[in-house]
């Protein structure tokens, strides 16, 4: 800046040369002229390309003469230098998008942009079409890269990926991909969406925005598909809450009886843990991908237990129908599966692993004989001699569960009951052995199914088993809106049993009348007294 004698401030200029020493000679690379007017320091940048090999010399030469008066302010100096490495930046494993907009269109305020993204390309089964959600042929265990929002294969990617997941600690052999394959097929099944259409039973659309504990992330993934992780001693496998075949029936003859003479010990959930209404938070596409809340209620349960509200987040859920099913699944689980059983087995009697479905044939709980051992087998007449006498109902078809040669339970019909301790079946399964387990299935008496959740080895070589009640009809209730009338699992009841086939024989002796009454009851009676009243009338 230059100031005149009258006090006017005018622009000034300075010429500079930027020179590099090449082969011993100084060569001018840039001729810079700075024009302007300012009262503070002004910084000008110069970029030099095509530099000589290092080390090299560089200098700045001022062509404009230095000022000799205070009226001309054009002092120059070398402030700093920066080495610039010009590379093409890439963002591995990252999707990058950029927008250039005019800030005046937004009033000078910072602009926020939201994007609808699909997510990662993950590994899916080679016989799987993620677009159509179909499977072709038998899977050979190989995988292929594709986009999919199937929660089973999103979980596989999280567990095995070495960069963002647990791949540095878990290998592909440490995760049961065959269990995930069955879970993935279950998630892809189409169910009503609540609006007249259909949708996959479960989808998963989530992003991990911050670092979290691996177990917490694993639990969130599993909650999206109604399953729990289980370490079976060799690999991390998964057990999904869905209808499954019974692995083994356990009777009173299988369990270890404690000092009180009890084999099966039962407990029930607390009333405060039985929720009748659930508020489900989920990401709603119809609400600008903001969080919405779906209210799910059970009116009948509210009338019985009162309104007990639970608030939950549906992780990775972007469907209102799926959010509704998630809330209803919680309600039905807490209302229908209220019972827990604990029992102890010898090492030879343990025939299941955590997550398996087992059947409990407890004679004491059922109020009738429902299970035991086979004493002898007559293959010619298909007659089984049991270790105890059983009573079959007069109406309906009864069946018996037997263990075949493959070690799997098989249900066959009972065609005849020639003696209290003998039954005839059709057909007789192959491989049924003497002293094998049998369990009765009678009309009007619900099979008592449980899912094993824990097995602990005791110091005496026995195993303590804990299992929770399993209601297979829950799937149809939650996913398809079916209605079922639950049957009782016991003949013991607070309701007095009906009297059937009442007969009375009256005889007179020594001016006294004697009455002999006989009757039947449709179920076992314990702790019940019957009152008999005789009326005398005249013709």
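Only the coordinates and a few stated rules stand behind these numbers; no lab work does. If you're wondering where the values come from, they're calculated on a predicted model, not measured in any experiment. Ideal geometry is used to build each Cβ from the backbone, glycine not excepted, and the neighbour counts take in all protein chains shown.
Observations on the model:
- For region 270-337, the extents of the C-alpha atoms along the principal axes are 38, 19, 16 Å, listed from largest to smallest.
- For residue 485 and residue 506, the FRET efficiency from 1/(1 + (r/R0)^6), where r spans their Cβ atoms and R0 equals 41 Å, is about 0.45.
- Listed peptides 177-185, 482-490 appear in the order 177-185, 482-490 once ranked by packing, highest mean of other Cβ atoms within 10 Å at the front.
- Value of relative contact order over region 1-137, rounded to a whole percent, pairs C-alpha under 8 Å and six or more apart: 20 percent
- Amide N of region 80-99 lying under 12 Å from the label point, which is placed 7 angstrom from the Cα of residue 32 along Cα→Cβ: 80-82
- Against the main long axis of the alpha-carbon atoms of the chain, helix 320-336 sits at an angle near 40°.
- Whole-Å distance, taken between Cα centres, linking region 218-291 and region 312-336: 14 Å
- Cα-based Rg of the chain normalised by 2.2 N^0.38 Å, two decimals: 1.68
- With an a/c value of 1.5 or above and a/b not larger than b/c for the gyration tensor axes a ≥ b ≥ c computed over the alpha-carbon atoms, region 33-118 is described as oblate.
- Computed over the chain, relative contact order equals 9 percent, with contacts defined as Cα pairs under 8 Å that lie 6+ residues apart.
- Beta bridges per DSSP with both ends in the chain, % antiparallel, nearest 5: 90 percent
- C-alpha long axis of helix 214-223 to longest principal axis of the chain, angle in °: 60 degrees
- Reference-scaled alpha-carbon Rg (2.2 N^0.38 Å with N residues) for region 2-62: 1.53
- Considering only alpha-carbon pairs that sit under 8 angstrom and 6 or more positions apart, the relative contact order computed for region 121-240 is 22 percent.
- Only helical runs count toward this figure. For the chain, summing -39,500 (n - 2.57) over DSSP H runs of n ≥ 4 and dividing by all residues gives -3500 deg cm²/dmol at 222 nm.
- When you count the other C-beta atoms within 10 angstrom of each residue and take the mean per peptide, 35-45, 457-467 line up highest first as 457-467, 35-45.
- The chain: angle of helix 151-160 to the longest principal axis, Cα-based, in degrees nearest 10: 60 degrees
- Taking each residue as 0.36 nm, the span from residue 430 to residue 89 lengthens on full extension beyond its C-alpha to C-alpha distance by 115.8 nm.
- Spatial separation of Cα centroids for region 54-130 and region 427-473, in angstrom: 68 Å
- For region 197-342, the C-alpha radius of gyration divided by 2.2 N^0.38 Å, with N the number of residues, is 1.30.
- Applying 1/(1 + (r/R0)^6) with R0 = 45 Å to the Cβ-Cβ distance of residue 190 and residue 74 gives a FRET efficiency near 0.05.
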